[in-house]
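Where a number appears in this text, it was derived from the coordinates with a stated rule and is not lab data. Quick caveat, the model's predicted, so the values are computed rather than measured. Cβ atoms come from the backbone with ideal geometry, glycine included; neighbour counts cover every protein chain shown.
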Amino acid sequence: MSVYVDDLQVWPNARGIFRAGSCHMAADTLEELHEMARKIGMKRDWFQLGKGRHPHYDLVKSRRDRAVALGAKEVTGRDLIMMWRAQREAEQMKPAT
C-alpha cells in the first residue's frame, strides 16, 4: 500500500498559500492517506471528498516535500488520475452486500 503525491503545479487562479503551487496527495487506502496527512501536519478538515471527487488533500511545496521524505511516491498528475480511475472501477466491481 502507498501514498502518492503528484507534480507541483502553479494555477493562475490560485489564492493564498496555493499561489506558489500545489499538488494532490492520495493513497491506496483512506487510513494511509489520513495517517500521512497527520504526519505532515494537515488538518482533517482539509481532506477533500465530494460528489464526483476522489479522496485527497491539496499540498503546498513544503508539505509535499515532507510527504516524500516520509515515503510518499512521486507520480505524475496523469498517473494519479489513472490510479483514481482504477480505484473507482474496483469499487464498482465489488458485489453489493
request  = Take the Cα pairs of the chain, get the Kirkwood Rh, then feed it into Stokes-Einstein at 4 °C and 1.567 mPa s and tell me D in µm²/s.
outcome  = 93 µm²/s
query = Which FRET efficiency, nearest 0.05, do residue 76 and residue 34 yield, Cβ-Cβ r, R0 22 Å?
reply = 0.40
message = How far apart, in nanometres, would the label points at residue 91 and residue 62 be if each is projected 7 angstrom from Cα along the Cα-to-Cβ direction?
response = 3.2 nm
query = Can you give the calculated 222 nm mean residue ellipticity of the chain, where each DSSP H run of n ≥ 4 adds -39,500 (n - 2.57) and the sum is split over every residue, rounded to the nearest 500 deg cm²/dmol?
reply = -11500 deg cm²/dmol
key: Local electrostatic count at residue 87 - Lys and Arg +1, Asp and Glu -1, tallied over other residues with Cβ under 12 Å   = 0
note = GNM of the chain, Cα pairs under 10 angstrom: of 37, 86, 67, the biggest fluctuation goes to 86
ask   = Using Cα atoms only, what is the angle between the long axis of helix 30-39 and the major principal axis of the chain, expressed in degrees (0 to 90) to the nearest 10?
value = 20 degrees
task = Calculate how steeply helix 77-93 sits against the longest principal axis of the alpha-carbon atoms of the chain, using the helix alpha-carbon long axis, and give the answer as 0 to 90 degrees to the nearest 10.
result = 20 degrees
key: GNM result for the chain, Cα springs below 10 Å: residue of 61, 73, 43 fluctuating most strongly   = 43
